[in-house]
Amino acid sequence: MHPRLRVAALATLAIAALTALATAPAAHAAWSPARTLADPAAENLAAAGNAQRAEVFAWRVTTKRFLRLPAQTGFASYVRAKVRLPSGALGASRILSSTREIVANPAVALDAAGNTTVVWSQAGSHVRIMGAYRRNGGGFGKPFEIGRTSAFISSRPAIAVAPNDAAVIAWNGGGRMQVARRPAGRCRANTAGLARGCFGRPQFFVRGADQAVATTPGGTAFVVWAATVRRAGAVHTALRLTIAPPGGLFGPARPIPSPGDVSQPALALGAHGTAIIAWRGSLPAGGEQNADATIFAAVRNGNGVLAGPQPVSLLPGSNPQVRVNGQGEAILAWDQRNPTPQNPDGPEVATSLRGAASGAFAAPVTISPAGIAAGSASLAVDATGSAILVYTASLLDPGLPGGGILAVSHRRPPGGVFGPPQSLPAQFSGAFVFAAGALVSAASGGSEGRTGLSDYVP
């Protein structure tokens, strides 16, 4: 979650509108009442769901025990996970990792049958990329090592799972980008306790970070990242894409052209192997590349023909997210800054749409109400093709629920436009949203001790 967004002055109408949202009767709310999901110490909450309404959650818990380990120094931490059954019942949370080391970056995935994979970074004698697997109806098996890295926090393993349980995971290996695959059914064959678990040996690619992964229903895997390259004797970042057919190895890393440097790539897959890639432009690598910059997008069709890059928004932006619905529409959302007299810092949330038959994204539209500070956009698409966008709206009035910070959502039906804002329960000062087929859920968690779960009720 971004730091709290503040503004010097707020428009009266915006305050009234969001105050009404915060105090609306539950019967008219678009979101169910919040349920307690995890303990107040939960950090780095991750979640996933499937079309059968099963869900899985994982998070980090940090203790007060200080450790000096060969690979890392800090407070001991561990990974917990919890499963939500299609009936809606929440299971008990389970510790997955060692409690005598330091962990980071939990990520989760769920296949169509409800089999669950959780991955994370774990520092002890080495920094290892770890995984744990749960067969539907059972418990989590013994954690296993997938690979290693010379990075820790920045390793950030990303995982995607096909409906048949074939999986891909990518992580920043420090010296190289590393990618590993799991064939369908490998973990279900009871090999989860073996070395490297049920994933194959990693493939190595050019150094980079900010990796994003996705799979088609048939198991074709895509990985995109911001690769570190040298041009004219200087270090820069450039987009690279690699693709693996079902059961096969990844091909060479192919460039995705972009003017200038790149960061924060996002990836979504459409029909027939179409890949939608969005990213933030960036200054040359060296630390300052995290400044807000132009948002770009490109489309690669199943024949490998690339359209773009297209500058979707010239305003300084960050946090691009892209999703594709079953109708073939691509929805893009991001945070940006657009200063106005009422909102000098200008933080807002914008969206753009690429129609199923379109070649380019449409002109951006600011979705957050004028006169407030908005950010931390999170986007999901459900089985009907509806898109749900959630973001944080910051108000100055400390008397409002959440100390003046609300989580706000908008819904867009397929072929339509985003509707008016709806507030999440008052406990949600910040949230991220994810789709589980017919169900859309929002989860909150972080350093403020608010951990909850709410479902969208159309």
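Descriptive notes on the structure:
- Cα centroid of the stretch 119-187 to Cα centroid of the stretch 46-117, whole Å: 12
- Label point of Leu283 set 7 angstrom out along Cα-Cβ; within the stretch 194-238, amide nitrogens under 15 Å from it belong to 235-237.
- The alpha carbons of the stretch 27-81 stretch over 52, 24, 12 Å along the principal axes, in descending order.
- The tail of the calculated P(r) for the stretch 96-156, taken as Cα-Cα distances beyond 14 Å, holds 54 percent of the pairs.
- Note on Asn301 and Leu67: with the Förster distance fixed at 56 Å, the Cβ-Cβ geometry gives a FRET efficiency of about 0.70.
- Using the Cβ-Cβ distance between Leu314 and Ser150 with R0 = 25 Å, the FRET efficiency computed as 1/(1 + (r/R0)^6) comes to roughly 0.10.
- Added length on full extension, which subtracts the Cα-Cα distance from 0.36 nm per residue, Glu43 to Arg254: 72.4 nm
- In this structure Asp292 has an accessible area near 60 Å², from a 1.4 Å probe over the protein heavy atoms.
- Cα-based radius of gyration for the stretch 82-124, normalised by 2.2 N^0.38 Å, reads 1.37.
- For the stretch 264-368, the alpha carbon convex hull comes to 95 Å³ per residue, rounded to a whole number.
- For the stretch 193-260, the pair-distance distribution built from all alpha carbon pairs, in bins 5 Å wide starting at 0, is 4, 15, 21, 22, 17, 10, 6, 4, 1, 0 percent.
- P(r) of the stretch 121-201 over all Cα-Cα pairs, binned every 5 Å from zero, in whole percent: 3, 16, 26, 25, 16, 9, 3, 0
- Length gained on full extension, Arg230 to Lys142: 27.5 nm, using 0.36 nm per residue less the C-alpha separation.
- The gain in end-to-end length when the Phe204 to Thr99 segment is fully stretched comes to 34.8 nm, 0.36 nm per residue minus the alpha carbon separation.
- Size of the chain as Cα extents on the principal axes (Å, biggest first): 60, 52, 44
- Per residue accessible area of the stretch 56-165, 1.4 Å probe, in Å²: 39
- Between the beta carbons of Ala92 and Arg188, assuming R0 = 30 Å, the FRET efficiency works out to 0.85 to the nearest 0.05.
The values are calculated or read from the model by the stated rules, or taken from the named source; none is laboratory data. Bear in mind the structure is a predicted one, so any value in this text is a computation, not a measurement. All Cβ positions, even for glycine, are placed from backbone atoms using ideal geometry, and neighbour counts span all protein chains on display. For accessibility, only protein heavy atoms count, side chains too; no ligands or nucleic acids. Shrake-Rupley method; radii C 1.70, N 1.55, O 1.52, S 1.80 Å.
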